[in-house]
Amino acid sequence: LTSQGYNALVSQKPLPMQLVERYQKAAMKRAGVKQLDDMSWFAWVPSLPGVWANDPSVKESLTTLEDVLLHWLLMKIVDEDRDLPALDGIDLNVL
């Protein structure tokens, strides 16, 4: 799902995607990665419970995490969940 497609889906109000993407980058800077016993890689953002990925390589895990994070953020904004932490001065709770 592209951001354009998502905006069309929730056409009630356009989302400031540049701001969302800046938040996404700030969150990804805080991502943790560790190798599990099965040799797969687990990536997560500690300040965003439930945002994680598990893949065969570090690169795949971080790529998946970035995608999961964007979709998770868009759903939080559309659902008006006002519980996102401010990151690098960006507060998405006001959207």
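If you go through the stretch 36-67 and keep only what is of a type in the set (Asp, Glu) and open to solvent by 50 Å² or more (accessible area, probe 1.4 Å), you end up with 37, 38, 60, 66, 67. Just to be sure I understand the filter: pairs with C-beta atoms under 7 Å, separated by 6 or more residues or on different chains, first member in the stretch 72-86 and under 16 Å from residue 14 (Cβ atoms) and open to solvent by 10 Å² or more (accessible area, probe 1.4 Å), second member not small (Gly, Ala, Ser) and not in a helix (DSSP H, G or I). Which pairs pass? Every condition considered, the pairs that remain are 78/10. Residues in the stretch 36-95 that are assigned to a helix (DSSP H, G or I), hydrophobic (A, V, I, L, M, F, W, C) and farther than 15 Å from residue 26 by Cα: 6 in all. One residue stands out among those in the stretch 26-35 that are out of contact with any helix residue (DSSP H, G or I) (no Cβ under 7 Å at 6 or more places or on another chain) and part of a strand (DSSP E or B): the one that is least open to solvent (accessible area, probe 1.4 Å), which is 32.
The values are calculated or read from the model by the stated rules, or taken from the named source; none is laboratory data. Please read all numbers here as calculations on a predicted model, not as lab measurements. With ideal geometry, Cβ positions are generated from the backbone for all residues, glycine too; neighbour counts draw on all protein chains shown. Protein only, heavy atoms only, side chains kept; ligands, DNA and RNA dropped before computing areas. Shrake-Rupley method; radii C 1.70, N 1.55, O 1.52, S 1.80 Å.
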